[in-house]
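Data block below; observations after.
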Amino acid sequence: MEIWINPACSKCRGALELLDEEGASYTVRRYLEDVPTEDEIREVLTRLGLEPWDITRTQEAEAKELGVKEWARDAGSREKWIRALSEHPRLIQRPIITAEDGTAVVARTDEAVRDALSR
């Protein structure tokens, strides 16, 4: 399993602590430094079963500068959202855990982390 984190994020640190407590084997991806490509974002969205606007941090300063809250949330705008997430990775919700069964979860709660571990 892999976990996308921002080390400055308390939710990310909490998820890592829980993974360690459970003895999980995982790889850390600091996605602000190792920025996901558009294809990787598409793959994670498929694994999550979500759309890009579902994992966008719309309250970030960069999101406000881009005006993402006003962007259409439809199939025609999907690629625009994905491109923005790749160009501005700070906008990606975190942490994201890709589970071994091919799924993924946005692991903002202990329950979500445990869900990923059970897959």
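What follows draws every value from the coordinates through simple rules; no lab data is involved. Since we're looking at a predicted model, the values are computed, not measured. Glycine gets a Cβ as well: all are built from the backbone with ideal geometry, and neighbour counts include every protein chain shown.
General remarks:
- Any hit, region 44-52, residues being among the polar types (S, T, N, Q), part of a strand (DSSP E or B) and under 13 Å from the mean Cα position of the chain (by Cα): no
- The residue that is farthest from Ser77 (Cα to Cα), counting only those in region 16-31 that are under 13 Å from the mean Cα position of the chain (by Cα) and surrounded by 17 or more Cβ atoms within 10 Å (Cβ to Cβ), is Arg29.
- Filter result for Ile55 (over 10 Å from the mean Cα position of the chain (by Cα) and either under 19 Å from Ile5 (Cβ atoms) or buried (at least 18 other Cβ atoms within 10 Å of the Cβ) (or both)): no
- Residue within region 10-24 that is farther than 13 Å from Val113 by Cα, of a type in the set (A, V, I, L, M) and in a helix (DSSP H, G or I) present: no
- Remark: Arg94 falls outside the filter, which requires a residue to be surrounded by fewer than 18 Cβ atoms within 10 Å (Cβ to Cβ) and basic (Lys, Arg).
- Output for region 97-119, where each listed residue is free of Cβ contacts under 8 Å to residues at least 12 places away in the same chain, assigned to a loop (DSSP other than H, G, I, E, B) and surrounded by 13 or more Cβ atoms within 10 Å (Cβ to Cβ): Thr109
- Residue check for Glu79: surrounded by 14 or more Cβ atoms within 10 Å (Cβ to Cβ) and without any contact (Cβ under 8 Å) to a residue 60 or more places away in the chain: no
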